[in-house]
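The values are calculated or read from the model by the stated rules, or taken from the named source; none is laboratory data. Small disclaimer: the values here were computed from a predicted structure and weren't measured. Here the Cβ is made from the backbone with ideal geometry for all residues, glycine too, and neighbour counts use every protein chain on show. Note: accessible area is taken over every heavy atom of the protein model, side chains too, but ligands, DNA and RNA are not part of it. Shrake-Rupley method; radii C 1.70, N 1.55, O 1.52, S 1.80 Å.
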Amino acid sequence: MKCIKTEDAVGHVLCHDMTQIIPGVSKGPRFRKGHIVTAEDIPVLLSMGKEQLYVWELQPGFLHENDAAERLCALCQNANMRKSETKEGKIELSSDIDGVFLVDTERLNAVNSIDEIMIATRRGNGIVHPGDKLCGTRVIPLVIEEEKLRQAEQAAGGTPILEVRPFTLKTAAVVTTGSEVAKGRIPDSFTPVVERKLAALGIRMTEHVLVEDGIENVAAAIEQMKNKPVDMILCTGGMSVDPDDSTPGAIKQSGADIVTYGAPVLPGAMFLLGYYADGRPVMGLPGCVMYAKATVFDLVLPRIAAGVRLTRRDFVALGEGGLCLGCEVCTYPHCGFGGM
């Protein structure tokens, strides 16, 4: 830090806030700590009685916090994101679209492991809308060694660590299993719930079939839906542990590559996900989807709708935060369920 004449301060970094008082109008910081003085600032500073300023001496190999924040932001920003102005060494990114927010956790942690650097994001894998904040980037000190930014860039690799992926799957077929429903003994209360959840992501149920219990019956219905121009197939009913439950076996018989039958999530432990050779997902939805506000289906559908191919590892990661607490007033997704 050094004291210099205000007229000589262009390009230097202020060490503290500068308050401007306009009687009867305003009183507050006119220039913030960390501000880089411009030629246009000089008359204003002089009018404030600041004939001398305390400024940082930027040495070779160091960066101002604003420049560092720009470098960190570049590690995060991807398509479908909007950058804020740099303010007090901080930059925020927000979403430009409806989609699912994805975070490369391993690379994010690698960057945040570097001293004096931080990138804070919202939880990944959730739905975002235009204007929703995604992350904020900054460094801790006013000036930072450029070498630390180079380390962060190396840790992040060559692609952004954040992504907002639009929902690309638009149509669905639903196979509703249950002799009691197929024979009209009870109304189909499951399908309307599924339709609403799909519609929230812009997905239409374009095919629907009611089928009686039995692996062969369900498998035939699934095969019929596979031949339809739909982006995904969902099967409801027949997903519990009863001996006569036929949906899991029928999905396996239909040729799907099963990612998981079961998930460390309550409600939703009996969920099934598979993929066909053409990449289309097929899901077996447990009964809880019909009556619980938030289940495993809500946790995974946004990524599936955005074309993200889920793996067994993705489901293993749901265990922490996978217990719904059954709050009297449900606030999902603004709660800990699913780690959101």
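Among the DSSP beta bridges whose two residues both lie in the stretch 190-340, what percent are antiparallel, rounded to the nearest 5? Write down the numbers at each step before the final one.
Details: 8 of 13 bridges.
DSSP beta bridges in the stretch 190-340 are roughly 60 percent antiparallel.
Computed over Cα pairs, the Kirkwood radius of the stretch 1-142 leads via Stokes-Einstein (1.306 mPa s, 10 °C) to a diffusion coefficient of 92 µm² per second. Over every Cα atom in the stretch 196-340, the radius of gyration and the widest Cα-Cα span, Dmax, amount to 14.9, 43 Å. When all protein chains stay in place and ligands, DNA and RNA are ignored, the 1.4 Å accessible-area order of Asp257, Asp17, largest first, is Asp257, Asp17. Within the chain, what's the longest stretch lacking GluC sites (Glu not before Pro) that sit in DSSP loops with no more than 16 other Cβ atoms inside 10 Å? Longest run free of exposed loop sites: 213-319.
Within straight-line reach of Lys87, meaning a Cα separation under 29 Å, sit the following lysines at least 8 residues removed in sequence or on another chain: Lys2, Lys5, Lys27, Lys33, Lys50, Lys133, Lys148.
Taking 0.36 nm per residue of separation and subtracting the Cα-Cα distance, full extension of the segment from Thr311 to Lys2 would add 105.6 nm. Running Debye on the stretch 1-57 with equal point scatterers at the Cα sites and no solvent, what base-10 log of I(q)/I(0) appears at q = 0.17, 0.20 Å⁻¹? The computed values of log10 I(q)/I(0) come out as -0.48, -0.65.
Overall shape of the stretch 95-248 was characterised from the C-alpha gyration tensor. The equivalent ellipsoid obtained from it has semi-axes of 48, 16, 13 Å, in decreasing order.
Counting protein heavy atoms only, the chain has 51 percent of its accessible area on carbon and sulfur, 1.4 angstrom probe. Couplings 3J(HN,Hα) of the stretch 194-201, computed from phi: 4, 4, 5, 5, 5, 4, 4, 10 Hz, in residue order, whole Hz [Karplus 6.51 cos²θ - 1.76 cosθ + 1.60, θ = phi - 60°; x for Gly and Pro]. Each helix, a run of at least 4 DSSP H residues, gives -39500 (n - 2.57); summed and divided by the residues of the chain, these come to -7000 deg cm²/dmol at 222 nm. For the chain, a crude dipole built from +1 on the beta carbon of Lys and Arg and -1 on the beta carbon of Asp and Glu, taken about the Cα centre, is about 440 debye to the nearest 20. For Met81, the residues whose modelled amide H falls within less than 5 Å of its own, excluding neighbours fewer than 5 places apart on the same chain, are Asp96. Run the numbers on the chain and let me know its relative contact order in percent, using alpha-carbon pairs under 8 Å that are six or more apart. Once normalised by length, the contact order is 13 percent.
Between the stretch 255-328 and the stretch 3-40, how far is it from one alpha carbon centroid to the other, in angstrom? Going from one Cα centre to the other spans 55 Å. The simple Förster model, with R0 at 22 Å and r as the Cβ-Cβ distance, assigns Asn78 and Ala200 a FRET efficiency of 0.40. Taking 17 Å as the cut-off, the amide N atoms of the stretch 111-144 that come nearer than this to a point 7 Å along the Cα-to-beta-carbon line of Asp17 belong to 142.
Here the Debye sum runs over all C-alpha atoms of the stretch 293-340 as equal scatterers in vacuum, and log10 of I(q)/I(0) at q = 0.14, 0.20, 0.24 Å⁻¹ comes out as -0.35, -0.68, -0.91.
Summed over the residues of the chain and divided among them, the accessible surface reaches 50 Å² per residue at a probe radius of 1.4 Å. With distances taken between every two different alpha-carbon atoms, the stretch 122-211 has a Kirkwood hydrodynamic radius of 18.0 Å.
Accessible area ranking (1.4 Å probe, heavy atoms, ligands and nucleic acids excluded), largest first, for Met290, Met18: Met290, Met18.
Backbone amide hydrogens, once placed in the peptide plane, bring Val139 within less than 5 Å of Ala69, excluding anything fewer than 5 places away on its chain. How large is log10 I(q)/I(0) at q = 0.12 Å⁻¹ when the Debye formula is applied to the Cα atoms of the chain, each weighted equally and without solvent? Cα-only, vacuum Debye calculation for the chain: -0.88. Taking amide H atoms as placed 1.01 Å from N in the peptide plane, the amide H of Gly287 lies under 5 Å from those of Met239, each 5 or more residues away in sequence or on another chain. Each label point was placed 7 Å from the Cα along the Cα-to-Cβ direction; for Glu70 and Leu325 their separation is 4.4 nm. Scalar couplings 3J(HN,Hα) for the stretch 38-44, obtained by applying the Karplus form with A = 6.51, B = -1.76, C = 1.60 to θ = phi - 60°, are 10, 4, 5, 6, 4, x, 5 Hz; x denotes Gly and Pro. Over the stretch 261-301, the fraction of Cα-Cα pairs per 10 Å bin, rounded to whole percents and listed from the shortest bin up, is 31, 51, 16, 1.
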